[in-house]
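Okay, structure first, notes after.
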Amino acid sequence: MNKDTPIDFKTVEGKIKETGLEKVGRGTIREIVKLVNDIETATGKKYIRMEMGVPGLEPPSVGIEAEIDALRRGLASKYPMIEGVASLKEEASRFVKMFLNIDVSPRGCLSTVGSLQGSFAAFITAGRRDEKKDTALLIDPCFPVHKQQLKVLGQKFEAFDVYNYRGDKLYEKLESYLKKGNINCILYSNPNNPSWICFTEKELNIIGELANKYDVVVLEDLAYFCMDFRKDLSKPGEPPYQSTVANYTGNYILFISSSKSFSYAGQRSGLMIISDELYQRRFPDLKRYYSSDILGYAMVYGTLYALSAGTSHSPQYGLAAMLKAANDGEYNFVEDVREYGERAAIMKKMFTDNGFQIVYDKDEDKPLADGFYFTISYPAFEGVDLLERLLYYGISAISLDITGSERTEGLRACVSQISRSQFPDLEYRLKKFNEHHPVS
Ligand SMILES: Cc1ncc(COP(=O)(O)O)c(C=O)c1O
């Protein structure tokens, strides 16, 4: 192995050893973050940090001002309602009409502590609605925390990598799980973390149709809301809209995160949107855990109450103000985050010009969108080894291995923390890597 690497070889080697990990490339996101922090401190060199999906943009002032105002009005001393404050529920209902073109009454628009609390609550409630349906189905690759949620809940789950089951092939694959009769929900993110695939209308139709046929709740995680930049999704009330399974089934719960689309991750303010149809459905088995067999009621006064008795008061006003500004056409949140797509296009080209390949590269026959993440591989490398080797070149990412992907040769790269001023460094380091690892 060539030791003339952009970051001092011996220091990187030493820091990797210090982690005590058998295979550093299999480390979790937070383990890689810690390791790279340590190397940066020891060498004084800045990495191209692509391991963690944190927003790299400023939060909108309209949200901050509304929060400050709420605090000044003395809300810190008051318990918020569990289901969320009225103005947030109303703006959320408008927001899904404006940007998804779906009708959901404010009652089903619930405030959650980040969208992650939403998925946690939904796993709990959906998993208790029918005694026979004790298993969740996750479409991989996925955000590893969702599996972690099911593990800590002690709930069963199955998962499959969708890579080989795009388009029509998805029908048979999904049905092979659903027909066993034990699946209570299907969860996926769209756009997808880590691969940035976006399901096509055909695929969403298949998911919705099968959810109806087998009475399964679709948990659609829209953490990267309106961030498929191939279309202009930024105009409230005008097509095209963010794609959603809600067009094909009434059996849905959506999670809308403010973390990425509104650069508001720190305030942990998300939304769970339960369809009107599902909200009022009765499931007698819920009575084993809740005072009511109505799903929406059990969700709010059973699960969300038990988890945190609602969400912090002031961030709800912050989110409500941002949604209102977006709904009224006064704040174009999509324009703000379009920067991620532009960065991705430039960075992907730098990688492919230097011998790398894009792993998940198509939505059926269409080239993938440029967005928050992309996936890469390098000839003759397994992902975990590639990650470790790239650390010597001042580049960090995470292995697809930890996301349930079968494409174990791949890495996930996140563009959010890379500023354009780092592009020359990235290019130089990739050139060096390519020079040291010639592709035959
Ligand atoms: C797919 C997916 N879902 C959920 C989340 C977390 O969202 P929130 O910050 O709203 O809890 C993330 C964050 O990275 C994500 O990638």
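Only one of the numbered conditions (1) within 20 Å of GLN155 (Cβ to Cβ); (2) touching a helix residue (DSSP H, G or I) at 6+ places or on another chain (Cβ under 9 Å); (3) away from the ligand (no atom under 13 Å from the Cβ) is not met by LEU204, and that is (1). Per the listing SER195, SER176, the residue uniquely over 26 Å from ARG128 (Cβ atoms), modelled with pLDDT of 95 or more and small (Gly, Ala, Ser) is SER195.
Hey, does region 253-262 have a residue that's away from the ligand (no atom under 14 Å from the Cβ), farther than 18 Å from GLN316 by Cβ and at pLDDT 95 or above? Looking for residues that are away from the ligand (no atom under 14 Å from the Cβ), farther than 18 Å from GLN316 by Cβ and at pLDDT 95 or above, one finds none in region 253-262, hence no.
Here is a yes/no grid of residues against (1) surrounded by fewer than 24 Cβ atoms within 10 Å (Cβ to Cβ); (2) within 13 Å of the ligand (Cβ to nearest atom); (3) not assigned by TED's automatic domain parsing to the domain that holds SER115:
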{"site": "ILE183", "(1), (2), (3)": "no, no, no"}
{"site": "SER195", "(1), (2), (3)": "no, yes, no"}
{"site": "THR200", "(1), (2), (3)": "yes, no, no"}
{"site": "PHE229", "(1), (2), (3)": "yes, no, no"}
{"site": "TYR248", "(1), (2), (3)": "yes, no, no"}
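Does region 390-399 include one or more residues that are surrounded by fewer than 23 Cβ atoms within 10 Å (Cβ to Cβ), touching a Gly at 6+ places or on another chain (Cβ under 6 Å) and touching a residue at least 60 places away in the same chain (Cβ under 8 Å)? Checking region 390-399: not a single residue is surrounded by fewer than 23 Cβ atoms within 10 Å (Cβ to Cβ), touching a Gly at 6+ places or on another chain (Cβ under 6 Å) and touching a residue at least 60 places away in the same chain (Cβ under 8 Å). Checking each residue in region 102-113 for being within 19 Å of LYS260 (Cα to Cα) and surrounded by fewer than 21 Cβ atoms within 10 Å (Cβ to Cβ) picks out only VAL113. Checked against (1) more than 14 Å from the ligand (Cβ to nearest atom); (2) touching a Gly at 6+ places or on another chain (Cβ under 9 Å), ASP221 meets all criteria but (1).
Residue selection: TYR171 satisfies the criterion of being of a type in the set (Ser, Thr, Tyr), within 26 Å of VAL359 (Cα to Cα) and away from the ligand (no atom under 16 Å from the Cβ).
Considering (1) touching a residue at least 12 places away in the same chain (Cβ under 8 Å); (2) not in a strand (DSSP E or B), the lone condition that SER291 does not fulfil carries the number (1).
Report yes if some residue within region 273-287 is of a type in the set (A, V, I, L, M, F, W, C), surrounded by 24 or more Cβ atoms within 10 Å (Cβ to Cβ) and at pLDDT 95 or above; otherwise report no. The answer is yes, given that some residue of region 273-287 is of a type in the set (A, V, I, L, M, F, W, C), surrounded by 24 or more Cβ atoms within 10 Å (Cβ to Cβ) and at pLDDT 95 or above. ARG30: within 16 Å of the ligand (Cβ to nearest atom) and either at pLDDT 95 or above or loosely packed, with under 15 Cβ neighbours inside 10 Å (or both), yes or no? In short, yes.
This table checks each residue for (1) farther than 24 Å from GLY310 by Cα; (2) within 12 Å of the ligand (Cβ to nearest atom); (3) among the hydrophobic types (A, V, I, L, M, F, W, C).
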site	(1), (2), (3)
ALA86	no, no, yes
GLU91	no, no, no
PHE95	no, no, yes
ILE124	no, no, yes
ARG129	no, no, no
ASP134	yes, no, no
LEU137	yes, no, yes
LYS151	no, no, no
LYS156	yes, no, no
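Condition check ((1) assigned to a helix (DSSP H, G or I); (2) at pLDDT 95 or above) across all residues:
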{"residue": "ALA298", "(1), (2)": "yes, yes"}
{"residue": "GLY302", "(1), (2)": "yes, yes"}
{"residue": "PRO315", "(1), (2)": "yes, yes"}
{"residue": "ALA325", "(1), (2)": "yes, yes"}
{"residue": "GLU330", "(1), (2)": "no, yes"}
{"residue": "VAL337", "(1), (2)": "yes, no"}
{"residue": "GLU342", "(1), (2)": "yes, yes"}
{"residue": "ALA345", "(1), (2)": "yes, yes"}
{"residue": "LYS348", "(1), (2)": "yes, yes"}
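The values are calculated or read from the model by the stated rules, or taken from the named source; none is laboratory data. Fair warning: this is a prediction, and the values are worked out from it, not measured in the lab. A quick note on method: Cβ atoms are made from the backbone with ideal geometry, for glycine too, and the neighbour counts reach across all protein chains shown.
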